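Below is one structure, written out as C-alpha cells; comments come after it.
The values are calculated or read from the model by the stated rules, or taken from the named source; none is laboratory data. Source: prediction; values computed, not measured. Using ideal geometry, Cβ is built from the backbone for each residue, glycine included, and neighbour counts are taken over all protein chains shown. Remember, those area values only see protein heavy atoms, side chains included, never the ligands or the DNA or RNA. Shrake-Rupley method; radii C 1.70, N 1.55, O 1.52, S 1.80 Å.
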Amino acid sequence: MHSFLQDVRYALRQLTRAPGFAATVVVTLALGIGANTAIFTIFDQVLLRMLPVEGPKQLVRFEWTGGFQGFASSFGGDMKNYFSYPMYKDLRDRNTAFTGILAAVRSGVGVSWNNQAENEDAEIVSGNYFSLLGLKPVVGRLFNDSDNTAKGANPVVVLGYDYWKSRFNSGQVAGKTLLINGLPFTVLGVAPEGFHSAIDGYKPGVFLPISMSAAAMPWTAQRDDMNNRQSVWLTLIARLKPGMTRQQAETSLEPLWYSLRAQELTGYSAHSEHFTERFLRTHLSVQDDSTGFMPERADLRTPLLVLLCMVAILAAMCAVNVATLLLLRAAGRVREISMRYALGAARSRIVVQLLVEGGVLGACGTSAGIALSPIVAATLVRMLANNTDPTQAPYSASVDGRILLFALALSLLVTLVFSAAPALQFLRPRLAETLRQSSGTASRRSQRFRKFAVGLQIALSVLLLGGAGLFLQTLRNLRNQNLGFQTARVVSFDVDPLLAGYGDDRTAQVETTVLDAIRAIPGVLNASGTTDPEVAGNRSQSNFSVQGHVQAEDENMDFEASWILSDYFATLHQSVLAGREFTSAEVKGSPSVAVVNLTFAKRFYGSPQNAIGRLIAAGAGDKIKFDTTIVGVVADVKHGGPREVPGGMIYRPYLQLKQPVGLTFYALTAQPPESLESAIRERIHRLDPNLITANMRTLNEQVDLNVSNERTLATLAISFSSLALLMTAVGLYGVLAFATTQRTREIGVRMALGAQRSSVVMLIMREMALTAILGIGVALVAGFGLSRFFASQLYGVKPGDPATLAACVLVCALMVALAAAIPARRAASVDPMKALRSE
C-alpha cells in the first residue's frame, strides 16, 4: 500500500510538471467518457431498464393475430397490441396461467384546481393496476377493485408523484376534489416516487379508473367501450404465476383464446366465409414486458444503437489519442527510465509506475466525464422529448448506480488501453545505446505504433464524418420535402371543449365560436380546424365503400379520415384540383358530402373530374347505404410526415360529425405567427377561462418535431465527428512535431547539401501522407459496409453516396494538411549550422 501511494504521489508530481499535457489528456478523456455515459443513460432507460415495480421479470403482455372489423384506438404500435374491455375481463377471469391481468390506456384530460385549468396526461387503468405491480402509495391509498365497480360510479383519482410534487407542492391532497373534464373527482392518494407508468416512456400526471373512461374520454361515450367487443383500445399486462414460463402460458391460453374469438364472431351481423376464416385464423402470443410496453421503442432503437456505435468509436479514438500522446511524452523520458533500470529498478516496478500514472489521468478524466454527462444527457432528453421541459420528459439525465458502473467500466477499459502503450515500450530497454545518447530517442517499434495510431484515428474520423454527412443529407432532404400544404406563417393549437366540461350538444358551437374569434384577430388572414392534425404522427382511419367498386379479396379499404371546418384547404394553401371546398352551411341534417385526395380519385375514378358527384359510404357490407357525395378533389399531402408515401384520404365537414370532438386549429398569418400566439391565447381565454389552449406552435416547428429523431442523429453525429477531427489533428500534430525534432540533424544535413525549403516541407508532409491514404481507404470500405446497418434512418441518400464520401475525404485531407503545416514550416526554417552544432 505504501508503494502504491508513493507511485501516486510521483505520478502527480510528473503531471504537475507538464500541466498543458495533463489538461489535454483529461479534457480528451472527459469528452469521450462523458459522451458515452450520456448516450448510455438514455439507451439504458429506453431499451434495457426494467420497470420499477415488484418482480418485473414476471410481467408479460399480449399480441394477437386474425381478422377484425370495428373500431381500433391506439396510442402507438400495431392494432394487434390492443384489446376490448369485454375481452380483457374474459382473459382476466378465465385464464390459469397468471396471478392477474391489468388493463391500461393513455389519454389526455383537462384538470382544474383552484380555478386554474390545464391539460394533463392521464392513464386510465383497471382497479388491480397498482396491486398487480406491487406498488405502495406515498400519500393516502391507491386503486383497488372497489374503485372499478360500474360505469361512471367511481369518480376518484390517484396523482403521479412528480405531478403531485410540482403542482401541489407535495402537500396533503388525499380527500381533496379536482375537476377533471369539468367533473368532480376525489383524490385517493399519490403513486410511489420513481414510478411513472406501466407504459414505458409515458409520464401521466393522474391515474383514473376504467369505470370512468367515458368521463375521461367523452368522445368515446357513443361507442360504449365498456361493453363493445368490436372496439379495441386497451393494452393488457399480466403477471405469470410462480414457476410458469411465457411459452407455457401461451400454450395454456390457446384453447381459451380460440373459443373467445369464436364467441366474438357471433357478434358480427353479417360476414363472409372468407372473413370467418381470417377471423378464426388467430393466435395470442405472450411477450416479455419487463421493460414496459413502449410503442416508440421500435422507432428509437436504431437511432440509439447508431449513437451508441458513434460514441464507442469516439471512446476508441480517445484511447488511441491519449496512447499517442503518452508515447510522445514517454519518448522524452527514455533516458530517465533507462537510468532507473541501470540503477537496479525491477521491470515490474517501472511498469506499475507507468500504469499508475495512466490510472491517475484516467481517474481525473473519468471524474470530469461523469460530471459532464448529465449536461449532455439533458440536451439529448430535450431532443427526444421534442424540446419540452426536461422535468416533464419520460427520461432522466441523472447518473444512477447503473450508469456510474458503466462509466467506471468504460474508464477502466480505456485507461488500460492507453496506459499499456508506454508500459510496453519500456519492457525491453536498450540501456547501453540510450545512455550513450545525449537525448532520448524513440525506437522504431514505437514510431511504427504512433503512425498506426494516427492512421487509426484518421480512419475513425472518416467513419464518423461519413455518418454525419449521411444524416445531415437526410435531414436536409426531409426538411426540403414538398408536403403539399403551406407551413410558413401558420400557427397551430388545440382546443377541446370536452376537457372543459362542455357536453356533446355544445361542443360544435364552441368550436365555431373559437374559429370566429381567431379570424377576427388583426393579422390573421384565415383560419380553420381539423380532428386529424398534419404531420403530428396521428392516424385516424376508417373503412369506406365506393359505389360501383367490387372489393377484391383482402383489398384494403381503410383510408385516412379527417373532419374539417370550412376554408381548411384555403388556410393551408392545399390545392383544390376539382370541385369545391366545404361551406359553413354543411351541417347536421344537410346532405352528407366529402372531399377526397388525388390518390383516392385516381384509384377509383381515373381522374379528379370523374370523381365529382360520385357516392361513397362509411363502413362495409351488403346493407351499406351510399349517402355521401364527393364534391371536391384536393392535391395529395404527406399527412404523416416527410417520409410518407401519400395514400387515400377522405375529408368530411366537421359540422356533420354526429359527436363533435376537440380540434386542432390552424391560423394563417400576415406576420410571423409567433407574434400572434399571445393574442390567440388571450382571445380564447376571454371566451371561457376553462377552455385550454394546448400545444401551440408554428407548423414549421411541428414539421421539425416530426423529424426530431433525424435532427438528433445529425446534430450529435456532427458534434462527435468534429470532436474526432480535433483529436486526430492533435495526435497528428504531436507525432509530426516529435518526428521533426528527432530528425533535426538529418534536416540540417539535407539543407547544408543544398536541399530547398520546399523539398523539406514535402519530406515532412510525406511523413503522414501514406498513413492518411491507407486510413481513409480502410475507412471508406468499412463505412460502406457499416452504413447498411443504419440505412433505414436515411432518406433520399444512399449509404455509399459519392458526394458525401468525397466531402469526407476532402475534409480529412484538409485536416491532415493543416495539422502537418506547422511542423513542416518549423522543419523548413531549421538553420543547418545550428542543427549540426547541436549534434
Selection from the range 52-73 of residues open to solvent by less than 10 Å² (accessible area, probe 1.4 Å) and within 20 Å of residue 133 (Cβ to Cβ) yields 59, 60, 62
Considering residues that are in contact with an Asp or Glu (Cβ under 6 Å, 6 or more places away or on another chain) and surrounded by fewer than 23 Cβ atoms within 10 Å (Cβ to Cβ), the number found within the range 229-255 is 2
Restricting attention to the range 500-511, the residues that are at pLDDT 90 or above and either open to solvent by 40 Å² or more (accessible area, probe 1.4 Å) or touching a strand residue (DSSP E or B) at 6+ places or on another chain (Cβ under 7 Å) (or both) number exactly 2
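Do you know which residues across the range 123-150 are hydroxyl-bearing (Ser, Thr, Tyr) and crowded, with 18+ Cβ neighbours inside 10 Å?
126, 129, listed by residue number.
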### Query
Does residue 268 satisfy the criteria of being touching a strand residue (DSSP E or B) at 6+ places or on another chain (Cβ under 9 Å), outside any helix (DSSP H, G or I) and either aliphatic (A, V, I, L, M) or open to solvent by less than 50 Å² (accessible area, probe 1.4 Å) (or both)?
no
Checked the range 231-244 for anything more than 32 Å from the chain's Cα centre (by Cα) and not basic (Lys, Arg); matches are 242, 243, 244
Determine whether residue 226 is open to solvent by 40 Å² or more (accessible area, probe 1.4 Å), in a loop (DSSP other than H, G, I, E, B) and either closer than 19 Å to residue 73 by Cα or of a type in the set (A, V, I, L, M) (or both). no
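Considering every residue within the range 600-608, establish whether at least one is open to solvent by 60 Å² or more (accessible area, probe 1.4 Å) and either at negative phi or modelled with pLDDT under 95 (or both).
yes
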Residue 199 fails exactly one of (1) within 29 Å of residue 77 (Cβ to Cβ); (2) free of Cβ contacts under 8 Å to residues at least 12 places away in the same chain, namely (2)
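A quick yes/no check of all residues on (1) farther than 13 Å from residue 40 by Cβ; (2) outside any loop (DSSP other than H, G, I, E, B); (3) at pLDDT 65 or above:
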position	(1), (2), (3)
387	yes, no, no
395	no, no, yes
404	no, yes, yes
408	no, yes, yes
411	no, yes, yes
418	yes, yes, yes
423	yes, yes, yes
427	yes, no, no
Picked from the range 444-481 (must be under 25 Å from the mean Cα position of the chain (by Cα) and free of Cβ contacts under 8 Å to residues at least 60 places away in the same chain), the residue surrounded by the most Cβ atoms within 10 Å (Cβ to Cβ) is 476
Those residues of the range 181-193 that are open to solvent by less than 40 Å² (accessible area, probe 1.4 Å), at pLDDT 90 or above and in contact with a helix residue (DSSP H, G or I) (Cβ under 7 Å, 6 or more places away or on another chain) come to a total of 3
>> Take the conditions of a type outside the set (D, E, K, R), out of contact with any Gly (no Cβ under 9 Å at 6 or more places or on another chain) and open to solvent by less than 10 Å² (accessible area, probe 1.4 Å) and apply them to residue 46. Does it pass?
In response: no
Restricting the range 784-801 to residues that are open to solvent by 80 Å² or more (accessible area, probe 1.4 Å) and without any contact (Cβ under 8 Å) to a residue 40 or more places away in the chain, the one farthest from residue 300 (Cα to Cα) turns out to be 784
- Would you call residue 762 part of a helix (DSSP H, G or I), under 52 Å from the mean Cα position of the chain (by Cα), modelled with pLDDT under 70 and more than 28 Å from residue 418 (Cβ to Cβ)? yes
Restricting attention to the range 549-573, the residues that are under 14 Å from residue 600 (Cβ atoms) and not charged (D, E, K, R) number exactly 6
Condition set within 19 Å of residue 295 (Cβ to Cβ) and touching a helix residue (DSSP H, G or I) at 6+ places or on another chain (Cβ under 7 Å), scope the range 75-122, selection most open to solvent (accessible area, probe 1.4 Å): answer is 107
When restricted to 707, 730, 735, the only residue touching a Lys or Arg at 6+ places or on another chain (Cβ under 6 Å), modelled with pLDDT of 65 or more, over 30 Å from residue 115 (Cα atoms) and crowded, with 17+ Cβ neighbours inside 10 Å is 735
Given (1) in contact with a helix residue (DSSP H, G or I) (Cβ under 6 Å, 6 or more places away or on another chain); (2) assigned to a strand (DSSP E or B); (3) open to solvent by less than 70 Å² (accessible area, probe 1.4 Å), residue 559 misses just (1)
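Each row is one residue, and each column tells you yes or no for (1) assigned to a strand (DSSP E or B); (2) modelled with pLDDT under 90.
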position: 41; (1), (2): no, yes
position: 45; (1), (2): no, yes
position: 62; (1), (2): yes, no
position: 76; (1), (2): no, yes
position: 88; (1), (2): no, no
position: 92; (1), (2): no, no
position: 99; (1), (2): yes, no
position: 102; (1), (2): yes, no
Practice task
Output yes when any residue across the range 692-703 is touching a Gly at 6+ places or on another chain (Cβ under 9 Å), at pLDDT 70 or above and surrounded by 18 or more Cβ atoms within 10 Å (Cβ to Cβ), and no when none is.
Solution key: yes
Taking the range 677-698 and the residues there that are among the aliphatic types (A, V, I, L, M) and touching a helix residue (DSSP H, G or I) at 6+ places or on another chain (Cβ under 7 Å), the one that is nearest to residue 493 (Cα to Cα) would be 696
Checked 668, 657, 663 against criteria (under 13 Å from residue 530 (Cβ atoms), crowded, with 21+ Cβ neighbours inside 10 Å and of a type outside the set (Val, Ile, Thr)); the one match is 663
